[in-house]
Every structure is written in structure tokens, then in C-alpha cells.
1. Quickly run through region 277-306 and pick out the residues that are modelled with pLDDT under 50 and either within 16 Å of residue 111 (Cβ to Cβ) or surrounded by fewer than 19 Cβ atoms within 10 Å (Cβ to Cβ) (or both).
2. Tell me the strands (runs of 3 or more DSSP E) entirely within region 195-294 that contain at least 1 residues that are under 30 Å from residue 72 (Cβ atoms).
3. When you scan region 22-104 for helices (runs of 4 or more DSSP H) that lie fully inside it, which ones turn up with 2 or more residues that are over 30 Å from residue 246 (Cβ atoms)?
4. Quick one: would you say residue 74 is within 13 Å of the chain's Cα centre (by Cα) and more than 24 Å from residue 221 (Cα to Cα)?
5. Restricting to region 25-51, name every residue that is modelled with pLDDT under 90 and over 30 Å from the mean Cα position of the chain (by Cα).
6. Counting just the residues of region 154-164 that are surrounded by fewer than 21 Cβ atoms within 10 Å (Cβ to Cβ) and closer than 18 Å to residue 246 by Cβ, which one comes out nearest to the chain's Cα centre (by Cα)?
7. Can you find a residue in region 72-91 that is surrounded by 15 or more Cβ atoms within 10 Å (Cβ to Cβ) and at pLDDT 90 or above?
8. Cβ-Cβ below 8 Å, separation at least six or inter-chain, first residue in region 79-90 and assigned by TED's automatic domain parsing to the domain that holds residue 277 and closer than 14 Å to residue 117 by Cα, second surrounded by 13 or more Cβ atoms within 10 Å (Cβ to Cβ) and at pLDDT 65 or above: which pairs?
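The values are calculated or read from the model by the stated rules, or taken from the named source; none is laboratory data. All values reported here derive from a predicted model rather than from experimental measurement. No Cβ is skipped: glycine too gets one built from the backbone with ideal geometry, and neighbour counts run over all protein chains shown.
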């Protein structure tokens, strides 16, 4: 039995799909089926229950899955250690991130990583929050960054940054002439929102609801860039992380207003899979991400996007 067979089996369990496991391992679906049958023959037990929707482990399969995960993790750790005999920190690191963090918040960190570790290549993948976590859990990413990280089995979260939430308007909006605004000022206004299943959208909805404010939602978008474009066109106002609007505010296309009701912020977290061994390159990247003061550009008030 080869370690590859155990990995294929675990991938089938993780994804619930023979075809997805085949893609992950760059083999045919037939090859995956053959490896599963070989394992079942070896142990004389049925390991997977195949249904119309997904492949689900049997009781024996669950026992093998838990043990195989530990074996694969130990093997991967050994591989990394054996390959890291050089004192030079090098290698590829996959960082899954929500769009606006990658677009607006990581530039200074990536520059710091490049200065300190020129042989480390950070590959960013842009995903929705739920898919960032899935990528981390399935080892498709070394680490991830999400907004409002929620507790989840198999995941540990490190604090990254927090960002002030502000009102965003076009230049000619009636609220544009005010220095500060209240949440109550948004009553009945046309509002461009995040989609309701996006963490930041849920948080903004909760903020307005707790303040007893009802807005007229005219559009729901899945990312901050399209929301900003809609606000620039005068379709409505929005509540966004201040850090994501700095370029447009500097260029004069949008205005931001702090709330005099208080300072509202959203937390950003770094997501890691529990028990995963991080190689030297990934550990170096994580160290830079958690050293906020060293990585932050001067004059930045702090904040992150999601």
C-alpha cells in the first residue's frame, strides 16, 4: 500500500466525490476507483458508501480516514523537514483570501515578505469566505484570511487586523457635506448592500437592525468593488471598510463619513488548519502577517477588508 492511496481515499471523503479527488490528484476517476477497491480488498471491508449525492465513509472507513489523516500529515511534515536542509527560506506558499483583503490590505505585507525572503513565492487565491476556509481544511491553501472568522471544527484563527466601517457616498450626495453622520440619518435611504450570506453583509444588517434603522436596499453585491462602482454612480449609499475606499476617496470619486454613534469595526482573522505542519516558507509568511507594526505602511490607520 502506498501513501498516495491513503491520500486519494482521504480526498474522496473530504470532497464526497470520486471526480473531485481525481482532479486533486491529477489522475483519472477510474484510477481513484481502483485505489479505493484495492484498499477495500486489503482490509476486507467496505470503506465507502456510494449514494447519488456523495461518497460517505462507513464505520470502518471513518476509522481508516482518521488514521490516514495522521499518517499523511506526519509524512508531509517529514517531507518538508528533509527538504529544508538549506538555511535559505524558500518555496511556494498558497494564501487564500477574500477579495478586498487581497486587493487593498496585503500589498505592504507582500513587500515585507519579498524584502526578507526573496526566495519565497506567495501565491494569492481570491475566494469567498466559506471557500477560503474549505481550501484551508482541504490543504489547498497553507492559510487563509477572512472577515468575522467564526469558530469551526478543525480550524484555528489568529487575529490579523480590524477595520473601521464608514458610510460611503458619492460626491454629490446630500450627506456628503456633513463631517460626521449618525446611523439614524440612513433611515429610508437607498442602500447598496453586500449579499446577505457574506459575513460583512450580515454584520452591517445587524448594525442597522440594532439601531432600528430601515434602509431601502436597491442592490446586493458579492464584493466591495462592485458596491463602490454602484455608489459612485449615485445608486445609493453603503457601509464599507474605510481601507477599501482610500484610493477612490483620494481620487475624489467617493466620500467616507465616520459615525458619531461610535466606532464600528470588523475583525479580520488568519485561518489555519489545526494540526497542520507549516514549512519554513509558510511559517515565515505567517510571522510577517502577525507582525502588524512591522508590516504596516506608515500613516495607515489600520483595517482590513473582506
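1. 292, 293, 294, 295, 296, 297, 298, 299, 300, 301, 302
2. Values: elements: 216-221, 238-241, 254-259, 265-273.
Qualifying strands (runs of 3 or more DSSP E): 265-273.
3. Result: 29-43, 59-83.
4. Taking the combined requirement at face value, the residue does not satisfy it.
5. 49, 50, 51
6. Filtering region 154-164 for residues surrounded by fewer than 21 Cβ atoms within 10 Å (Cβ to Cβ) gives 154-159, 162, 164.
From what is left, the residues that are closer than 18 Å to residue 246 by Cβ are 162, 164.
Values: 162: 15, 164: 19 Å.
Checking each candidate, the answer is 162.
7. Among the residues of region 72-91, not one is surrounded by 15 or more Cβ atoms within 10 Å (Cβ to Cβ) and at pLDDT 90 or above, which makes the answer no.
8. Pairs found: 89/117; 89/120; 89/280; 89/281; 89/284; 90/117; 90/120; 90/281.
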